[in-house]
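One structure is given here, and the rest of the page talks about it.
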Amino acid sequence: MASDLESALKNVAQKITEYVKDAATLTVETRYVQIGDNAAVDFTQAHPVAQTVLKLDGDSYAAVPVRLTDASRLEVDSALFDLHEKNVEAAIAYRERILNALAGVLRRA
């Protein structure tokens, strides 16, 4: 009986370790796909337009969508960037809920 409990606790600890490792780096990528004739969409042809990588230690990386203007200046595509920011905010909130749930499990154990 104690062996079963010990084995179960080891499995839980291993799963928690895996979740924390996965949560340590949060990568959000926003892609676009062009709508074809007859409103056909091939999601396998989606292209990335923005990416953000956030690490628990505070390091971050971001690539944002820009266009070259007629004046040869780079301009952020605000519609795509706004969509990407919403995706990043949703991912951060989700990671926070997962980490809080894991912390709750650890406190109870």
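Read the figures in this text as sums done on the coordinates, not as results from a lab. All values reported here derive from a predicted model rather than from experimental measurement. Cβ atoms come from the backbone with ideal geometry, glycine included; neighbour counts cover every protein chain shown.
A few comments on the model shown:
- The residues in segment 22-50 that are under 23 Å from E85 (Cβ atoms) and surrounded by 11 or more Cβ atoms within 10 Å (Cβ to Cβ) can be counted, and the count is 16.
- Taking segment 81-109 as the range and being surrounded by 15 or more Cβ atoms within 10 Å (Cβ to Cβ) and either in contact with a Phe, Trp or Tyr (Cβ under 7 Å, 6 or more places away or on another chain) or of a type in the set (G, A, S) (or both) as the test, the residues that pass are A91, L102.
- Test for Q14: is it polar (S, T, N, Q) and either in contact with a Ser or Thr (Cβ under 6 Å, 6 or more places away or on another chain) or outside any helix (DSSP H, G or I) (or both): no
- Top-ranked residue in segment 60-77 [being surrounded by 10 or more Cβ atoms within 10 Å (Cβ to Cβ) and over 20 Å from the mean Cα position of the chain (by Cα); ranked as farthest from P48 (Cα to Cα)]: E75
- Criterion (touching a residue at least 60 places away in the same chain (Cβ under 8 Å), among the hydrophobic types (A, V, I, L, M, F, W, C) and not in a helix (DSSP H, G or I)) met by exactly one of L26, L54, L9: L26
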